[in-house]
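Enquirer: One structure coming up, written as structure tokens, with questions to follow.
The values are calculated or read from the model by the stated rules, or taken from the named source; none is laboratory data. Bear in mind that the values here come from a model prediction, so they are computed numbers and not experimental data. Quick reminder, even Gly has a Cβ in these numbers, built from the backbone with ideal geometry, and neighbours come from all protein chains shown. Only protein heavy atoms, including side chains, enter the accessible area calculation; ligands, DNA and RNA are left aside. Shrake-Rupley method; radii C 1.70, N 1.55, O 1.52, S 1.80 Å.
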Amino acid sequence: MHHSEIRNSSAVFTTLETGKGEPVLFLHGFPDNHKTFAPMMETIGKKGYHCISPVMRGYEPSTISHSHKLHVVDLVDDILGWMNDRKWDSVHLVGHNWGSVIAFAAGMYYPNRIKSITSLGVPLLRTYQDSFFWAPQQTIHSWYVLLFQIPFLAELTIRSNGFALVDYLWKDWSPGYSPNQDHLAEIKANFQNPGILSSALAYYRNLNDLFTESGRESILGILDSKITVPTQILYGLNDGCFHKNLFEHLLDENDFPCGFRKIGFDHAGHFLHWEKREEVTKLILEWLEKNNQI
């Protein structure tokens, strides 16, 4: 396992990498960092895959983004830029939280460049409007999204009491799980760097941006598209971030015409790659091997 750099046309991104062979990009979410996948990457890298986990845009000083310049299509463009930098024709994607949203979008926009997708803890949000029928509890689960829309107040709330909200989200989203305190300490330390926290919150603040071209493209493209890339979605039945009914009732195989499977885990929540690491790693490897020759 080693640190390196990967570039696109406008920025340099820090990465964690291991292994050789077919490239697999691991995309992290919030509140987290690129090291969240390290143990899985060690195992997968030994099976003939080049595992790369970049620091996502906005999570390090060199890529800080202002709110009005950060949309899902911009994050997909980062993936294409990384691929061009390394001269990869295609890649596999493994995403968690926001990383899953970006992976889904990449599969929608550029299916010829993506060999497979594994989403950890996030359903396809194409039919999210139906969640109010199947999972009315989701409105309560999503309270933090409303908080994150409020500049200054959100940052102040997250920073208060030694970033206690970071601890709370991990415990609320994965009930019964005791997070790795060293990992949480690294996440909090990074959010102390000037501009990083606001940049990370920009992901949420552009969810419903219809006033810019890239914002409209991000929203309408996801709502109107299917994912023509083999996709598996792994989720915890005790997820406090996304209610299990969003996975059980809203995922339609017709939205994944090139292959789809979903697997739920008992006694696991949103951070299932920490809670059920061996099982999740095995399923990722199975999916990579099944779709490696496409």
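Enquirer: Please give, to one decimal in nm, the separation of the simple spin-label points placed at Glu155 and Ser62, each 7 Å out from Cα toward the Cβ.
Expert: Result for the modelled spin labels: 2.3 nm.
Enquirer: Each residue of segment 139-151 in turn: what ³J(HN,Hα) in whole Hz from Karplus with 6.51, -1.76, 1.60 and θ = phi - 60°, glycine and Pro shown as x?
Expert: My calculation for segment 139-151 gives 4, 6, 4, 8, 4, 5, 4, 5, 4, 5, 6, 9, x Hz in order.
Enquirer: Out of the DSSP beta bridges found with both residues in the chain, what percent are antiparallel (nearest 5)?
Expert: The antiparallel fraction comes to roughly 30 percent.
Enquirer: Provide the per-residue ³J(HN,Hα) series for segment 20-26, in order, calculated from phi with Karplus coefficients 6.51, -1.76, 1.60 and θ = phi - 60°, each as a whole number of Hz, with x at glycine and proline positions.
Expert: 9, x, 4, x, 10, 8, 9
Enquirer: Still on this model: How many nm is it between the label spots at Thr139 and Glu5, if each spot is 7 Å from the Cα in line with the beta carbon?
Expert: So the two model labels end up 4.9 nm from each other.
Enquirer: Among Val229, Val122, Val12, which one shows the biggest mean-square fluctuation in a GNM of the chain, springs joining Cα atoms closer than 10 Å?
Expert: Answer for the Gaussian network model of the chain: Val12.
Enquirer: Using modelled backbone amide H atoms (1.01 Å from N, in-plane), which distant-in-sequence or interchain residues come within less than 5 Å of Gly21's amide H?
Expert: Excluding prolines and chain starts, which carry no amide H, the hits are His50.
Enquirer: Oh, and also: List the residues, sorted by chain then number, that are 5 or more residues from Gly58 or on another chain and whose placed amide H is less than 5 Å from its amide H.
Expert: For Gly58, whose amide H was placed from the backbone, the distant partners under 5 Å are Thr63, Ile64, Ser65.
Enquirer: Roughly speaking, to the nearest percent, how much of segment 2-291's 1.4 Å accessible area is carbon and sulfur?
Expert: In segment 2-291, the share of accessible area belonging to carbon and sulfur is 53 percent.
Enquirer: Using θ = phi - 60° and the Karplus relation 6.51 cos²θ - 1.76 cosθ + 1.60, list the HN-Hα couplings for segment 240-251 in order, rounded to whole Hz, with x at every Gly or Pro.
Expert: Each residue of segment 240-251 in turn: x, 9, 10, 4, 4, 5, 5, 8, 6, 10, 9, 7 Hz.
Enquirer: Now for a different question. Under the definition of Cα pairs under 8 Å and six or more residues apart, what whole-number percent is the relative contact order of the chain?
Expert: Working: 547 pairs, mean separation 62.1, N = 294.
That works out to 21 percent.
Enquirer: How much area per residue is accessible in the chain when the probe is 1.4 Å and only protein heavy atoms are counted (Å²)?
Expert: Per residue, the chain has an accessible area of 43 Å².
Enquirer: Something else: Report, by chain and number, residues whose modeled amide H sits under 5 Å from the one on Ile233, excluding near sequence neighbours (fewer than 5 apart, same chain).
Expert: Residues meeting the amide H criterion: Ser119, Arg261, Lys262, Ile263.
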